[in-house]
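Down below is the structure, laid out as structure tokens.
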Amino acid sequence: MNSTTNKMGRMSRRDFVKGSAATGLVMGAGSPALLESAYSMPQQVLKGKTIREPARDTQVCREADVVVVGGGPGGVGAAVAAARMGANTVLIERYGHLGGMATGGLVTILPNMSDINGKLQIAGICKEWVDRLDARQACDYPKKEHWGSADKKLVSYYQKRSFFYVRMDRVICSVHIDAEISKCILNDMVQEAGVKTYLHALGTQPIMEGNKVKGVIFESKSGRQAILAQVVIDSTGDGDLLPYARAKYETEIDPKLRISALAMCYWIANVDLKKLNEFRETQPEKFAEQAKEITKLGGQSGFMTSNIKDQDGLLWFHNRYPNKSQIDVEELTRVEMEGRKKMLITFDYRKKYTPGFENSYIVLTCPQLGCRGSR
């Protein structure tokens, strides 16, 4: 047995931390890549106006091998993996739940888990999450024996079920997930791994010693606290710690790319899908006209149907806002407010004119805006 592993085949804490700090994937003590680039605020400020904050002592509430900031799918994966390898691991998450965009953002799809030939290309902790959902009938995906199929009947069948189930005229494995059950399962996974988790806690800045990251400051209802760590992993999705760590990053928004957009997702429930589908199939021109009219009024015409067991009649809507910065608090605020106006335009029109929406209602709006790229 290799000397770097214990009897269970796991790396020692020392070797894990040493190896992690040697990579450019995390911000760790001794990582020389964290250089250059001053911190800058994206929103407008009063020119020439500043205040000087008094120096203060901040309580160190914990010391760890690894601290992960951000409890989305990537952050959960990083924390669980580190803890399972023997590292004393802390996870900090700003909301009261884990899952990030997949739960709070209502982006309830894990796309392209297989390639077009049917070979699974995403596995590991993500696959474990899906398996746990599957055991509770809390997810949906094409049958395994159909992955990679180019059979026209199968392709047509899965295309009708979900846009994500077909790529390049082949059936692939993409997984629709239940957001609420996912929150519970991700809790189980971090707890079982022994990860110390802080919810309702916002990681605000790294603790720096020269160009070395020595831990992280976070704010919560308990006040301002610090965690010292040998490795800090930024899984915020926006690289929120990077400016303070003097790390290189880009913020350019390319309007030609999908990542330049923000989105506000919401669900409309109690839709009579039989009636709606009959309308779409028998009057496609009328359905298309309605979509154009909604767009003209300022609403959002597109939607998707939930395929998860016991979610019949639930539709997923996606308000997309291109060319927006998700690290600008003013733009985030505008999208939140405009998104809800857009939602009501869509809902009111559908309820009045589209068959199947007569008894529908808005059941949920995302507590977290959909984001695709920032730093």
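Computed from the coordinates by the stated procedures, all read-outs in this text should not be read as laboratory data. Just so we're clear, the structure is a prediction, and the values are computed from it rather than from any experiment. Virtual Cβ from ideal backbone geometry, glycine too; neighbours counted across all protein chains shown.
Computed about its Cα centre, the charge dipole of region 93-216 is approximately 300 debye, with only Lys, Arg, Asp and Glu carrying charge at their Cβ. Normalised by residue number, the volume inside the convex hull of the Cα atoms of region 109-177 is 72 Å³ per residue.
Here the sum of -39500 (n - 2.57) over DSSP H runs of 4 or more residues, divided by the residues of the chain, equals -9000 deg cm²/dmol at 222 nm, to the nearest 500.
For Phe287, Phe164, Phe218, the sequence from fewest to most other C-beta atoms within 10 Å is Phe287, Phe164, Phe218. Note on region 58-132 and region 262-289: Cα centroid distance 34 Å, given to the nearest whole angstrom. Under the criterion of Cα pairs below 8 Å and six or more residues apart, the relative contact order for region 258-371 equals 48 percent. Positive-end ranking of Leu314, Ser301, Met264 along the dipole of region 256-326, with charges on Cβ about the Cα centre, is headed by Met264. Counting only Cα atoms, the chain measures 67, 62, 36 Å along its principal axes, largest extent leading.
For the residues Lys352, Lys47, Lys221, a GNM of the chain with alpha-carbon springs under 10 Å puts the largest fluctuation on Lys47. Look at Trp129, Trp267 and count the other Cβ atoms within 10 Å of each Cβ; fewest to most, that gives Trp267, Trp129. With the charge dipole of the chain set up from +1 on Lys and Arg Cβ and -1 on Asp and Glu Cβ about the Cα centre, the Cα lying farthest toward the positive end among the listed residues Tyr95, Val213, Met337 is that of Val213.
Taking other C-beta atoms within 10 Å as the exposure proxy, Ser162, Ser182 rank Ser162, Ser182 from fewest upward. Computed from the alpha carbon atoms alone, the convex hull of region 258-371 holds 110 Å³ per residue. Per residue, the convex hull around the alpha carbon atoms of region 151-254 comes to 198 Å³.
Is there a quick way to get the dipole size of region 75-151? I mean about its Cα centre, with the Cβ of Lys and Arg at +1 and of Asp and Glu at -1; what is the value in debye to the nearest 20?
Its charge dipole is roughly 200 debye.
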